1. When region A:79-135 is examined, which residues are found to be within 12 Å of chain C (Cβ to nearest Cβ), modelled with pLDDT of 80 or more and surrounded by fewer than 16 Cβ atoms within 10 Å (Cβ to Cβ)?
2. Suppose we keep only residues that are farther than 16 Å from C:Leu333 by Cβ and in contact with a Gly (Cβ under 8 Å, 6 or more places away or on another chain) within region B:124-139. Which one would you say is nearest to the other protein chains (Cβ to nearest Cβ)?
3. Which one is nearest to A:Arg347 (Cα to Cα), of the residues in region A:368-396 that are more than 8 Å from every other protein chain (Cβ to nearest Cβ) and β-branched (Val, Ile, Thr)?
4. Please count how many residues of region A:317-333 are aliphatic (A, V, I, L, M) and buried (at least 23 other Cβ atoms within 10 Å of the Cβ).
5. Would you confirm whether or not region A:227-235 contains a residue that is closer than 25 Å to A:Leu349 by Cα, more than 29 Å from the chain's Cα centre (by Cα) and touching a residue at least 40 places away in the same chain (Cβ under 8 Å)?
6. May I ask you to list the residues in region D:264-274 that are within 12 Å of chain A (Cβ to nearest Cβ) and touching a strand residue (DSSP E or B) at 6+ places or on another chain (Cβ under 7 Å)?
7. One residue is enough: does region B:189-203 have a residue meeting the conditions within 11 Å of chain C (Cβ to nearest Cβ), in contact with a helix residue (DSSP H, G or I) (Cβ under 7 Å, 6 or more places away or on another chain) and farther than 30 Å from B:Val53 by Cα?
Amino acid sequence: MIQETEPEHPPDSEELLRVSGLRISFVTRSGVIQAIDDVSFEIKPGETLGLVGETGCGKTQTAISIMRLTPEAGIIEKGEIWFRGTNLAKDIDKEFRIVSKKNRKVLKRNKARLNNLERELADIRGNHISMVFQEPMTSLNPVRTIGRQVSEVLLTHDLPRLSNRILARHAVPPEALSEVADSLAHQRGSRENIRELVGKCDLPGLEEQITSVIYRRDISEGSKIKRIKDLKQQVNSASLSFLRGVSAQGKIPTAYRFPDRIPILRARFLGILEKEALAVSAELLSMVGMPNISSVLKGYPHELSGGMRQRVMIAMAIAASPELIIADEPTSALDVTIQAQILQLFRELKANLNTSILFISHDMGVIAEICDRVGIMYAGNLVEIADIEDLFSDPRHPYTKGLLSAIPPSDRKVESLGLIRGSVPNLMNPPAGCRFNTRCPFVFQKCSQMPPPIPVKEGHYVRCWLYEK
Amino acid sequence: MARFDQTKLTLRILFENVTSAAGLLIVLGYIMIAIIDAVHPQLIGVVNAFEEVPDYTNPVPQPPSLQHLFGTTYPGIDLYQAVIAAIRVDLWYSFVIVLAGALVGILVGVVAAYYSGFFDEILMRITDIFLSIPYLPFAIAVGFVLGRGLDELSLALVIVWWPLYARYARGQALSIKENAYVEAARASGVGSWGIITKHIVPNVLTPVFVQISLDLGTVVQTFAALTFIGFASANPLLPELGKLISDGFPYAISAPWVVIFPGVTILIFAVAMNLLGDGLRDALDPRNRT
Amino acid sequence: MTLRVYIIRRLLLVFPTLIGLTLIVFILTHVGGYQRFLGEYVNIHSAIPVAVQEQRLSQEFHLNDPIFVQYFYWLSAFLQGNWGYTQTPIYSGTVLGAIGLFLPNTIILATSASILTIIIGIPVGVWSAVKKDSIVDHSTRIFSFIGYSMPVYWLGLILIIAFASPAVCPCLNIFPISGSVNIALTNNLSWFSSGISYPTHILIIDSLIHGRLDIFVDAAMHQVLPVVTLTFSILASIIRVMRSSMEDTLNQDYIRTARAKGLREGAIINEHARRNALIPVITLTGYTIAGLLGGVVLIEAVFNLPGIGYWTTEALINGDIGGIMGGTVIFGLAFIFSNLVVDILYGFFDPRIRY
Amino acid sequence: MKSEVDPAKEQRVLLQTENLSKLFPVKGDKVIGGTKYVHAVDEADVTISENEVVGLVGESGCGKTTLGRLVLRLMEPSKGTAFFLIPRSSLDRYRSVPVGSKEARTIEKEYSIYRFDRRKMKEFRKNTQIVFQDPFSSLDPHMTIRAIVAEPMKAHHYRPKNEIDTKVSKLLEECGLGEQFLEKLPHELSGGQRQRVAIARALAMSPRLIVLDEPTSALDVSVQAQILNLLKRFKSELGLSFLFISHHLAVVRQMSDEIYVMYAGQIVERGETEAVFNSPAHPYTIALMSAIPVPDPTTKREKILLKGEIPDLVRPPGGCRFHPRCPSALGNCGWSPEEVIASLSEVLASSGLPSVSEALKSRDCRVIDGQTFEAHVGESLDESKTESIRRVVAEKRDNQSHFALRAVKEITSQSDTTGATIRVSLTMSLVPKFTGLDKRHFVACNLFPPGSAGRDGSHEFGGVEPPVRGEQH
């Protein structure tokens, strides 16, 4: 965690994301809610950071502000969001300003400023940072097929990849394929040795496709081999040049923009890519453990259970293989056994894709199972952040302690649960200084000022005067 | 006192929005005029608020002048007085129509929603049938059978209108019925009647009220429209906006004012009513109350 | 539930409604009482004494039987196409004959107006929702408010004044303001008499059939003002609904998801929002159609076009029960079937309905 | 004979449900009729004694909420009944006589909450109450807190009237809400405060039984702790009984003396809380417990991941409803021929017998009865081929995704002119019945057939039948 007065500079390389001094307020009819104040943290590549806190502590707002999806009423007043050397909050004017209920104009200006950033964001969203939302029931478009919803991510961000796949299949000699298929039919092993095995028969650009077929969970061994044999695809010359163009330019060549509007021609150009995108979507869905995929692709969200919809959301999130996935309470709406399945899925993804994950949850148990580091949020402040074992073994902040003691243990029966007296303050006029001082058992007069993040251990910071050296 | 705060909040939101505030004021103005018409029309220069005063000496419409603010219409009726007097008639009938329709509708709708099942089915089919005829032709037919006076006409409109409210109230009641507090009331021994009166109706009233305010404009229009196509011929001298327009119809081209003024009067009221209705809807929408 | 089942269910729902419609009309025709009903059929000028006629009629219509039996006979007669008789200045004869003559014009008017409404209303609504609180949005809202509150027949009159009154400006006298064609052109035409053209009764088509371009143009010109008026009267409500539902849709979670996927704003609006936003519009079309049909009555009266509405109004003024009932039935049928179509469309639009 | 005991003195069961079942009709996908039924609750027997907290756990859609509604007669059951304050003797009598017999009906008339007349119903309503999960829809937005809490008293004509107000403020005080809340409207309160109001309302007529339907699921951990402690206090101070419905096992463990585990509308395990938690017997219970995320990163205990999802209760699986997901299903757990066909054809496809697998998939594979099906294969099947099929089945049957094969009893084939007919017969499936593992712990699972030894080996309780109907005979 970084000091409050952070000079503007891109973060050092081993950080993927750095949020510093974030401050967000919501302008409502009855007043200005200071939802988030001075929140700072960073995420390293491959790391999973958890944000825990109770309703209204601002964890979700923090998360979606990283993608600049903050709802209209919300205003980022201050702070920087560095992602791979770009500041996603560069539109925020630096001088410190508190919006008041009066100047509703701020909202409009806020929106206008964001629009200038739109293009940059569109490239980041879903591509480098993707998101899994809490409500699987409402987060999918009810009138679009699952197939289209998943594949549109690829069609927006990954055109070259799609066309390269087709080109590779076009180039490969069929006998080579059957050769591989046979050799695979007999021996089997980890991803690595399958890769090298495929690599030996040098099929450029096909390794990934073949391995993905091998790792399909939804089809039987026999048909897998068959599929590999059938990978060969002939593409007619017209489409070929189109595909080459796409791979070269990374987008639909301008020359083809018009023909894509004509249905018959479309089938030959963009149509191929759309088909391919569907194929990739199928692979993605099998990665997230979706059964009978072919029918799901044609189906609509309301035909799926909550767990399955969440799998679809995850498939969309990993489609463009982003560096960071933001998961906002992805399991809170699910049953325990389904939650276990989804958490398992997240672990697998961590292992296979080694993307960073920002995992939001109110459930300490879930956090403990999946995170490497965890930050505790209270009333818009990040009060403590530490490595997972560290935080659970020796929590420092009074709120963290209270929170942990309030969790009903599942392994034994206790007489009464630990309590935090009082209730969360109204963030329209939060208590001065440490926002926990209204409920804190150890409160003393110094608590009327906001404590800085105080290091108590390597990578363990607490915002509490009790630990001031 | 909490409730009082609620009303205050409602009004505040209503007045934050200029247009709806304007709507409210205009509507109040119309109501004012109607009342004055009823008690002391001379105040606003109306000789007789209950009957038009024809002047057969020169029946041809005269253009607006100082002594005839809006000019005159056939047969030599002072348009200003006629229009002002007509406001009373139209407002009165429209309010009666809407309120009567809403009353019947709420009653039937809520009861049907609460005792769902067979009764509900029947009601839905009936309203289906009523709603399956466009209200204007239907009103024509009913009104024609009942007779072509204004009272018969408004009765016809009530018959045409109540199913809309029944539908609406039913929908609202059904969603309210789903709330846990209704079940909690049952669990604590509150009888059906108690639940309907204490829990469902109060919660239905608000949205229906909004609906009413949105409908009033339409009702005024429809009412005037029907008189325009020849209802209200029972009493040829009754001041009524639609009738005024139809009286002026033959002179429209040579003397535009004879149709413009009555029409504008309707238009303004309808616009104001819609603005007000929209404002109310926003003001009572929980999403805007936080 | 599959789409097919949904459609069949919906079709089945039509029958009770039809029964209801006929029942209402039957009651209306008979509530006036025995005499009034007979009055519709008795021919005073005939040689046969009235009493005899009445007696025959009461046998023919089983007026001495209990009311539900009468309904049964009435219904069977109705289904056999015996809808009674109408006597108005513009037409006297069987109700069905009148409908055959007047319906086509009304259909032309109504359909062209609704097509116009759709192609204007939906884009405008979407646009003003997307550009919320912009000048565009505000002006659209003002327009829709006024349009929504304007008495349609009055608007017609205003247009007439604007395009005909010398007081305004003679330069505007481009569109004819009354009737369906300039009489001068149609004098002693074999296929045109008393405002009705043959064989299709739709002048615009007949004129082409008989190769009279001048009449075609003239008739088309006559259609302009009525169509504009009618369109205006329903356009407002469509825009209103479209705008608000588009606004709601844009606040849905799945739109946020689409943003999070990095879709361009255009794709979000056209591919994700619009279709969802259309669903409530479709459900509300029923009321719009009602307004449309109501508007037809008034507009035909104002522009005296020989259509169903005009005829019904005439019937009302001349106290002709047959005409009024015929009109009501036709409007009822039109309404029922247009709503049927709408609901089936709905089934196609919203996959959830099939479950 | 118990019947000699004077019923007034002898101890009574507060609430006892007997084979309580609820079917919800859902519109079928036919044009007319074709109504189907959701088996929401199926033959549930629940016993609640005075001053006891009974926990009811299960995942969403397992019917726990419906059961909660049923025992308060907020809906009528499709089958079975529930007794309120019934003397033991009458209960035993009722169980010993056949259903629908005259005597049974007289007992029902006296004690069954679904037969209560107006007066008795009012009394019952006085004695029972409910607290809902959603603190936002459970309070009428148009009523002040005072009115809300007073409502039950008004409904029961609480006398003396003038004391109602003082009682209201006392109740709120009890629930930790001060005077200043009396005139507030619900939306001015936080979720926790609302739930306190709901509890105060429930306590208003000092009932004997309160159904708590996920009372804390919508609340934050710290608030949940406050509410739970509050409820515990009331239980001990006022001697209340709770039916505590929750999906949150840890919470249930803290609250309840006895728990019932529900799956897909059926109770699969019941018993004294500690017993069940310390040694869960039913595979579902075990999986459910292993699935709870533990707030302790150091303990990385392996989880039992259930495959698939909760079944569609319109067509619930036969036999044990859990068998398709069960990690230790047996052959007799109720595998349907369809299930067996599906996984048989799959395993055969990937092990060199595609023709047979195709035949199984094809339409002319016909199910003869619940236990046999046969398919016609294009090519002839000699004994060795059939043997190899048997071998495949034998080796795949322990792969969890092909447990269905465990139901295969024998595979025969006879060749004919056009090819051969393969005939598979399945083991008789067995609907699990409740078995006693010890005095206060019962499980309905074929791993513990009736009469088998208790798990602790002590035959003392071996096969003890629980003291409830359904499982007798």
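1. Scanning region A:79-135 gives A:Glu118, A:Arg119, A:Glu120, A:Asp123.
2. If we take residues in region B:124-139 being farther than 16 Å from C:Leu333 by Cβ and in contact with a Gly (Cβ under 8 Å, 6 or more places away or on another chain), then B:Arg125 is nearest to the other protein chains (Cβ to nearest Cβ).
3. In this case the residue turns out to be A:Ile370.
4. From region A:317-333, those aliphatic (A, V, I, L, M) are A:317-320, A:324-327, A:333; that's our starting set.
Subset that is buried (at least 23 other Cβ atoms within 10 Å of the Cβ): A:317, A:319, A:324-327.
So the answer is 6.
5. yes
6. Answer for region D:264-274, where residues must be within 12 Å of chain A (Cβ to nearest Cβ) and touching a strand residue (DSSP E or B) at 6+ places or on another chain (Cβ under 7 Å): D:Glu272, D:Thr273.
7. no
Conditions (1) under 27 Å from B:Gly242 (Cβ atoms); (2) under 23 Å from the mean Cα position of the chain (by Cα), marked per residue:
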| site | (1), (2) |
| --- | --- |
| C:Thr111 | no, yes |
| C:Ile122 | no, yes |
| C:Pro151 | yes, yes |
| C:Gly156 | yes, yes |
| C:Ile161 | yes, no |
| C:Ile177 | yes, yes |
| C:Ile196 | no, yes |
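The values are calculated or read from the model by the stated rules, or taken from the named source; none is laboratory data. Note that this is a predicted model, so its numbers are computed, not measured. No Cβ is skipped: glycine too gets one built from the backbone with ideal geometry, and neighbour counts run over all protein chains shown.
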